[in-house]
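Some notes on the structure that comes next.
The values are calculated or read from the model by the stated rules, or taken from the named source; none is laboratory data. For clarity, every value in this text was computed on a predicted model and none was experimentally measured. Positions of Cβ are generated from backbone atoms using ideal geometry, with glycine treated the same way; all protein chains shown enter the neighbour counts.
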């Protein structure tokens with residue numbers, strides 16, 4: 001009996017992995033696989049190459065803890081074709097089959113690998129199109145005179161610098177002016193640089 005690992009991921013902490021796990025356990029049972037371990041990433045974007053659950057899965061894969069990996073869908077593993085193919089290629093090289101429930105793809109055969117490349121490319125194209133739409137919307141907003149991003153901090157920089165140079169602690173200065181400690185350091189440094197240049 002083949003030992004299988006299940007991998008699930010949800011993008012936000014309020015989503016649940018149980019639905020994916022239920023379907024994957026059922027698929028493993030239908031295929032006659034013994035589930036050796038379940039790996040989960042909660043509240044982690046698929047665009048991040050480093051994820052605790054995925055990292056643990058890959059470490060166990062290299063140790064030969066299982067021979068089949070079951071996922072609910074391609075986009076649970078990665079959003080970028082490059083990262084996705086790196087993962088699938090590494091799994092293939094160490095002799096681990098990759099099975100995606102939604103796409104009904106099994107990499108044990110050449111057709112499965114061809115479909116993975118094709119579908120992964122389409123997913124990356126969709127992401128690129130979405131990013132371009134966002135950039136176009138931002139360009140339009142700028143042309144219409146709308147402000148993008150956070151409003152600048154409305155604080156008295158001179159007073160902040162004066163307080164800090166007079167000996168106020170970093171934490172107290174940050175609290176008093178409602179900014180981060182890093183911002184206090186930056187404002188003081190910028191003021192000192194301006195003074196040195198004058």
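Data overview
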{"item": "Entirely in the stretch 25-108, the helices (runs of 4 or more DSSP H) that have 1 or more residues that are within 15 Å of residue 123 (Cα to Cα), assigned by TED's automatic domain parsing to the domain that holds residue 10 and touching a strand residue (DSSP E or B) at 6+ places or on another chain (Cβ under 8 Å)", "result": "74-77"}
{"item": "Residue list for the stretch 102-117, filter: surrounded by fewer than 18 Cβ atoms within 10 Å (Cβ to Cβ) and touching a residue at least 12 places away in the same chain (Cβ under 8 Å)", "result": "102, 103, 117"}
{"item": "Positions within the stretch 154-181 being touching a residue at least 12 places away in the same chain (Cβ under 8 Å) and within 29 Å of the chain's Cα centre (by Cα), in sequence order", "result": "179"}
{"item": "Test: residue in the stretch 116-123 that is modelled with pLDDT of 80 or more and either in a helix (DSSP H, G or I) or out of contact with any strand residue (DSSP E or B) (no Cβ under 6 Å at 6 or more places or on another chain) (or both)", "result": "no"}
